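To start, the structure itself, in structure tokens.
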Amino acid sequence: MAEPRVFRFKPRYRGIAISALGIGGALGVVSIAALGAALLPLATGAAGVVLGAAYLMSPSWKLEVAIDDDALEVRTPKATKFRVPWTDVVRVVASPTTNTCFVDGGAPERSLLVPGDGAPAPYDIEDRPALVAAILAHVPADKVQTVDTLDAARKA
């Protein structure tokens, strides 16, 4: 069996988190330097730094999707969250034009959303085009529904 291809989860809103860190840090420095450590700006700045850092250090960014000839697996370096053999996939709703798809593993806790345009999520997955292509290559065509965007399919 070939080595599984691995696709890491990554933060989708890095810019917002980095901005919160920067603005929060600047607000804290200004509060100390110019305002004599006024409590409200100092607390607001500290909250921005803490929230931005917490988002960037979230354990979610250790998750990865592994694809091999037998199954799709979502795992961390220490444990498997779920594994769905290709034969157990109920359906895949895919939008090849936006490189998004939803893999229905039979239950919500065994399903995967590959997010993107028309399929928002608080995370992204690296190399989405290759991941979607790998999923479509392993799932029988009669289980695949191709749509323009996933949100259009949900509304239909």
If Ser19 satisfies every condition in (1) at pLDDT 90 or above; (2) touching a helix residue (DSSP H, G or I) at 6+ places or on another chain (Cβ under 9 Å) but one, which is the exception?
(1)
Of everything in segment 66-81, what is closer than 12 Å to Phe7 by Cα, part of a strand (DSSP E or B) and not basic (Lys, Arg)? Give them in sequence order.
Ala66, Ile67, Leu72, Glu73, Val74
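So that you can scan it fast, the table gives a plain yes or no per residue for (1) in contact with a His (Cβ under 9 Å, 6 or more places away or on another chain); (2) at pLDDT 95 or above; (3) buried (at least 20 other Cβ atoms within 10 Å of the Cβ); (4) hydroxyl-bearing (Ser, Thr, Tyr):
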residue: Ser95; (1), (2), (3), (4): no, no, yes, yes
residue: Thr98; (1), (2), (3), (4): no, no, yes, yes
residue: Val103; (1), (2), (3), (4): no, yes, yes, no
residue: Gly106; (1), (2), (3), (4): no, no, no, no
residue: Pro115; (1), (2), (3), (4): no, no, yes, no
residue: Gly118; (1), (2), (3), (4): no, no, no, no
residue: Ala121; (1), (2), (3), (4): no, no, no, no
residue: Ile125; (1), (2), (3), (4): no, no, yes, no
residue: Leu131; (1), (2), (3), (4): no, yes, yes, no
Residue identified as surrounded by 13 or more Cβ atoms within 10 Å (Cβ to Cβ) and within 24 Å of Pro122 (Cβ to Cβ) among Gly24, Gly28:
Gly24
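Residue by residue through segment 1-15, note down the ones that are surrounded by 13 or more Cβ atoms within 10 Å (Cβ to Cβ) and closer than 22 Å to Tyr55 by Cα.
Phe7, Arg8, Phe9, Lys10, Pro11, Arg12, Tyr13, Arg14 - these are the residues of segment 1-15 that are surrounded by 13 or more Cβ atoms within 10 Å (Cβ to Cβ) and closer than 22 Å to Tyr55 by Cα.
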How many residues of segment 82-135 are closer than 17 Å to Arg8 by Cβ and assigned to a loop (DSSP other than H, G, I, E, B)? The answer is 6
Pair list, Cβ under 7 Å, 6 or more apart: segment 15-29 residue closer than 11 Å to Leu56 by Cβ, other residue among the hydroxyl-bearing types (Ser, Thr, Tyr) and in a helix (DSSP H, G or I):
Ala17/Tyr55
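Results for (1) of a type in the set (Asp, Glu); (2) loosely packed, with under 15 Cβ neighbours inside 10 Å, shown as yes or no for each residue.
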residue: Ala33; (1), (2): no, yes
residue: Pro41; (1), (2): no, no
residue: Val50; (1), (2): no, yes
residue: Pro59; (1), (2): no, yes
residue: Lys62; (1), (2): no, yes
residue: Asp69; (1), (2): yes, yes
residue: Glu73; (1), (2): yes, no
residue: Phe82; (1), (2): no, no
residue: Trp86; (1), (2): no, no
Exactly one condition in (1) within 22 Å of the chain's Cα centre (by Cα); (2) farther than 22 Å from Ala119 by Cβ is false for Gly36; which is it?
(1)
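The values are calculated or read from the model by the stated rules, or taken from the named source; none is laboratory data. All of these numbers come straight from a predicted model, not from anything done at the bench. For neighbour counting, all protein chains shown are included, and Cβ atoms are generated from backbone atoms with ideal geometry for every residue, glycine included.
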